[in-house]
Amino acid sequence: MKLFAQWLGLDPAEYNQWQVHWGGDLSIPVLGLIGLLIPLALWFFGTSLSRIQSRIKRVGLFGLRVAAFALLLMMFLQPQMEFRKSQASRNSVAVLLDNSRSLSIKTFPSEATRGDRVRQALADQASYFEKLQKDFQVDFFLVSDHAEPVLPGELDDRYRLQATNTDFTRVFMDVKNRYQGKSLQGVVLFSDGADLTQGPDDLSPELRASLLALGGRVHTVQAGGNENFKDLAIENISTADFGFVHQPVNLSVTVHASNIGNKNVSLVLKEGGTILVSKIVEIREGQDRYAVDMEFTPTELGRRVYSLSLPVFAGEAIAANNRRDFQVKVVRDRIRVLHLNGRPSWDSRFLREVLANNPKVDLLSFFILRTLTDDVAAPTSELSLIPFPSNLLFADYLNSFDLIIFQNFRYEPFIDKKYLNNIQTFIQRGGGFLMVGGELSFQMGGYDRTVMEDMLPVSLEGNVLKFLNDPYRVEIPAAFARHPLLKLEKDFTRNRQAWEQLPSLTGLNLGLEPRKDAQILLQGVHQNGEEKETYPLLVTGRNGKGRVAALATDASWDWNFRRVGEGGSGRYYQKFWSNMIAWLTGDPEMETLQIETDKERYREGEEVLVKVRVLYDDYNPDSGKTIQLSFAPPRGELQTVSLITGNEGEATYQFLPAGEGFYRLHMELERDGNKIGREALFGVFADTAEFMKPLVNAHLLKQMAEISGGRYAAIGDGPLDLSMLTFSNPEVLEPSRRKTFSLWDNWWCFGLLVGILSLEWWLRRKAGLS
Amino acid sequence: MKTSGILFTLKAMRPVTGIPALLMVWTLFVAASPSTLLDPSRLTMPQIKYRGARFAPVPGAVEGLLAQVARRTSIEVNREPLALEVTDPDLFKYPSIYMGGDSSFQPFTAEELKILRQYLSYGGFLLIDDNSGRADSGFDRSVRSMVAQLFPHTPLQKIPRDHSLFRSFYLINSVVGRVVVRPYLEGISIKGRTVLVYNMNDLAGAWARNSLGQWNYEVIAGGETQRQWSIRLGVNIVMYALTLDYKKDMVHLPIILERLRKYHTP
């Protein structure tokens, strides 16, 4: 071979290994056919040589034929010669250290954590690892659901026991990929065996396959034990992510108890410091899981944080799982609207239809169908009329509504004047109120010089012409062109066009003087000869925590039915009223200060994106505004950053939360010398899956060792001897250089074949054969 | 007010002749027409004009009904008579209309049907009243043909006795008119709202009153009691057009059901 290498121009001292590769891609049937045809052809050739007398000639000719066939066969098989330069390399051993959270669980009676035991074992068995490193390349990895290389000197800093999931199948696959092309002779795994993907019995097929694919021994070293493992845990909470205000929310809780004994423990649900519900769970020996159902009723809107807790008993392995926080977004189920109509009219009919068909609205309507002066000409028993339940509505149930609408409604004699004070309180506590015009509204409804006048965003002038019965056009003052209540179309230009398309109205309550802090969103413009008269049509304002509006017409229904008659649709009418309801009930999308995060729930390690928006009271963007954004981790210090809003009044901020828990964001800015602000809430959740099955799984560790041909050991209170954890150490040559030569597609191979065939032909001719 | 404003303008102008003068006179006439004088916040119930027959064979009927509505309920009405063609541009100012007759009429054109269909589908209400007093009258045949063309996929159906219309103001158990040809109403509903009510018992004949307050027509068989029931039915129909299913709200149901159970209403 040395000569052959030299002939090919290679230095035999440099290339110390050779190998033949066959490149031909012949299938078995084809090879079989060739294997049959060649001997058959040779037999026929052999019989044709029987006429030659000379034995030497016969043998020579037959030999040439065999050589030709052999060359031909070789060309079919496409041999290649590979020369390699190889060096001896070391075998590898991987030491895997389980870095998951379950290793932070204490062991008893020493109360050292399982991870501490691993550290101690590494220190105590330092001589074993030194000896191992003489014969092998020893690599260390931190593992959980993947393998992460670590230097021995970095272990103190990086071995933190914070990984949230254990999955040995993925770990072994990762290790195998890392040692592709290298010689891995085995693994030493330090772990508690708490792999959540594995059941209580045999290994899963996937884990078994990944173990065998490693190709080497897997020695397992158990960290920790289950003796005296004592723990009481809230294993699972099941509840909806959102709930309705004033409606019960159901919780299903699973409590897990281990070595707690016979005790009655209190499971307590709190919001902040207020106890909402408390239930007794009877813990008994022999049973480890308990299902508890609870119910609570949220009373305030928004994202609410609740906590469930169990008492922590002395000696519990894990205290962290005795308490869990969760979040519920509390929303309105439906907006409850009380709609009082002074008399049936088309305006009240079309508005009622819009309200009744709005799936977000729970409507209660009353119409005054007759007055005291009406002569019904029938006894009460033949009427469908019911007494107006003013006491029920304005004393007992007023606060169950979100919005009250008085539509062309004179309160006397149906509502006692004293109940108007209740309406005042309702508004100041956050309720919405709307007065819709007509001949029974405003001054004509007798509301002047009552508390209702104080609630309205307009004052009511006396001694004036009360009602305009002429047509007038509707205009939006430029300052409020962006007000969300007037948004019939998203696009600004199309919105303006939409308002221009709406029919003019006929019917306007006069003598309404907007208050200083009220906003005139719509004006009625009446052409009186040469003179243009402008009157407030829609005026909004705030009163206490509530919002109020005055719509000084009983003809808005023209924007519906008359618009249809003109070839349009009632869509803008419906949109207008939908906006009105949303604004009056404080829909968050209609706030002038908005703060939100891109998600409500984050995992540990995820960045949070905060978006803020600042608008003026007329809903125009407040750009270039400096706002202070504050947030505090659950057990940390308050942090504050300054943001400046852009052209649309928006600003963003991104940050990485410090740890798990609920974070409250607060934005604050100064306006007209006052500080105003808004809050938002989000939660960062640690994956607590590791604590769902906190027990040490010795059975799994033993099985892994057995299947792979490895050994099992346990770090106990006594001395640990790892010397029994041995590995094969075969010689491994690693090629560093290669050169390959083709043995068939070259001139001398073809030349040799032609030469052999030519010589055979000449000899046959000489022998008298054809 | 509108009329006096225009007269003031005429006095201030120089005398004009020819077409401008005609135009001014026409403008005055139009300005004085009843529809622009009517208070839009009050209920008006125009009568529908059609071709080929008398569209108002019972004068004073609608005015009579509206007078009763004003007397008995809180609804404010315009009692001035108003008649409109379906193609009148003012049609959509009046969400409820009345159609009466006593003989067959020319079919509505496709354009008229389209407008009427749109009118009813998007909020309007039509009361059709056969004033002939006979079953299978020419008016009845024309009405059924018209309704079939108006809503080919939604035929006229009997209005059930628990319909809101029968309890929108009075509790009503009987369907009558000047005569009793059919003791039930028929109607068409779209998305839960009854948009068209057809009565064959000549309600108009029971409602119509002259300027002296006397009833124009005798009521057949049931006398003045039957007239009162007819008036009640008319009031209920108007009340239904304005309040729809309001009386089916839960807050009203217990009292209504109790009254229906306790008292035997005619």
### Task
Select from region B:217-245 the residues that are farther than 16 Å from B:ASN131 by Cα and assigned to a loop (DSSP other than H, G, I, E, B) and write down the one among them that is farthest from the other protein chains (Cβ to nearest Cβ).
B:ALA221
### Task
Being under 30 Å from A:LEU122 (Cβ atoms) and either modelled with pLDDT of 90 or more or crowded, with 17+ Cβ neighbours inside 10 Å (or both) is the filter here, so list the residues in region A:66-98 that pass it.
A:ARG90, A:ASN91, A:SER92, A:VAL93, A:ALA94, A:VAL95, A:LEU96, A:LEU97, A:ASP98
### Task
Output the number of the condition that A:GLU513 fails; it satisfies all remaining conditions of (1) touching a residue at least 40 places away in the same chain (Cβ under 8 Å); (2) within 14 Å of another protein chain (Cβ to nearest Cβ); (3) over 25 Å from B:ASP39 (Cβ atoms).
(2)
### Query
Within region A:536-576, can you find the residues that are hydrophobic (A, V, I, L, M, F, W, C), more than 14 Å from chain B (Cβ to nearest Cβ) and in a helix (DSSP H, G or I)?
A:PHE576
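Considering only region B:174-216, state which residues are of a type in the set (D, E, K, R), in contact with a strand residue (DSSP E or B) (Cβ under 7 Å, 6 or more places away or on another chain) and either modelled with pLDDT under 95 or not in a strand (DSSP E or B) (or both).
Restricting attention to region B:174-216, the residues satisfying the condition of being of a type in the set (D, E, K, R) are B:178, B:182, B:186, B:191, B:193, B:202, B:209.
Checking which are in contact with a strand residue (DSSP E or B) (Cβ under 7 Å, 6 or more places away or on another chain) leaves us with B:186, B:202, B:209.
Answer for region B:174-216, where residues must be of a type in the set (D, E, K, R), in contact with a strand residue (DSSP E or B) (Cβ under 7 Å, 6 or more places away or on another chain) and either modelled with pLDDT under 95 or not in a strand (DSSP E or B) (or both): B:ASP202, B:ARG209.
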### Query
Which ones in region B:84-98 are crowded, with 21+ Cβ neighbours inside 10 Å and either touching a Lys or Arg at 6+ places or on another chain (Cβ under 9 Å) or within 14 Å of chain A (Cβ to nearest Cβ) (or both)?
B:LEU91, B:PHE92, B:LYS93, B:TYR94, B:PRO95, B:ILE97
#### Entry: Among the residues listed as B:PRO59, B:PRO81, the single one being more than 9 Å from chain A (Cβ to nearest Cβ), surrounded by fewer than 17 Cβ atoms within 10 Å (Cβ to Cβ), at pLDDT below 95 and under 21 Å from B:ARG209 (Cβ atoms)
B:PRO59
### Count - residues of region A:449-465 that are surrounded by 16 or more Cβ atoms within 10 Å (Cβ to Cβ), touching a strand residue (DSSP E or B) at 6+ places or on another chain (Cβ under 8 Å) and in a loop (DSSP other than H, G, I, E, B)
2
### Query
Can you pull out the residues in region A:372-383 that are at the interface with chain B (Cβ under 7 Å from one of its Cβ atoms) and at pLDDT below 90?
A:SER381
#### Entry: In region A:218-231, the residues that are surrounded by fewer than 20 Cβ atoms within 10 Å (Cβ to Cβ) and of a type outside the set (Gly, Ala, Ser)
A:ASN226, A:GLU227, A:ASN228, A:LYS230
### Task
Output the residue which, of all residues in region A:413-444 that are within 14 Å of chain B (Cβ to nearest Cβ) and not hydroxyl-bearing (Ser, Thr, Tyr), is surrounded by the most Cβ atoms within 10 Å (Cβ to Cβ).
A:GLY438
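If only one of A:SER110, A:SER102, A:SER89 is out of contact with any Gly (no Cβ under 6 Å at 6 or more places or on another chain), of a type in the set (Ser, Thr, Tyr) and closer than 30 Å to A:SER742 by Cα, which one is it? First the steps, then the outcome.
Details: A:SER110 fails: closer than 30 Å to A:SER742 by Cα; A:SER102 fails: closer than 30 Å to A:SER742 by Cα.
So the residue among A:SER110, A:SER102, A:SER89 that is out of contact with any Gly (no Cβ under 6 Å at 6 or more places or on another chain), of a type in the set (Ser, Thr, Tyr) and closer than 30 Å to A:SER742 by Cα is A:SER89.
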### Query
Limited to region A:391-432, what total is found for residues that are in contact with a Leu (Cβ under 6 Å, 6 or more places away or on another chain) and assigned to a loop (DSSP other than H, G, I, E, B)?
4
## Note on the structure
By my count, helices (runs of 4 or more DSSP H) wholly in region A:1-89 with at least 2 residues that are under 30 Å from A:LEU733 (Cβ atoms) are A:2-7, A:55-77
#### Entry: Failed item in (1) assigned to a loop (DSSP other than H, G, I, E, B); (2) touching a strand residue (DSSP E or B) at 6+ places or on another chain (Cβ under 7 Å), with A:GLU533 passing the rest
(1)
### Query
Looking at A:PHE350, A:PHE367, which is the one that is under 50 Å from the mean Cα position of the chain (by Cα), at the interface with chain B (Cβ under 9 Å from one of its Cβ atoms) and within 20 Å of B:ARG71 (Cα to Cα)?
A:PHE367
### Query
Scanning region A:507-529 for residues that are surrounded by fewer than 17 Cβ atoms within 10 Å (Cβ to Cβ) and within 20 Å of A:MET580 (Cα to Cα), which turns out modelled with the lowest pLDDT?
A:ASP517
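With respect to B:SER174, determine if the residue is closer than 30 Å to A:LEU392 by Cβ and within 13 Å of chain A (Cβ to nearest Cβ).
Numbers: closer than 30 Å to A:LEU392 by Cβ: no; within 13 Å of chain A (Cβ to nearest Cβ): yes.
So B:SER174 fails the test.
The values are calculated or read from the model by the stated rules, or taken from the named source; none is laboratory data. This structure is a prediction, so every number in the text was calculated from the model and none was measured. With ideal geometry, Cβ positions are generated from the backbone for all residues, glycine too; neighbour counts draw on all protein chains shown.
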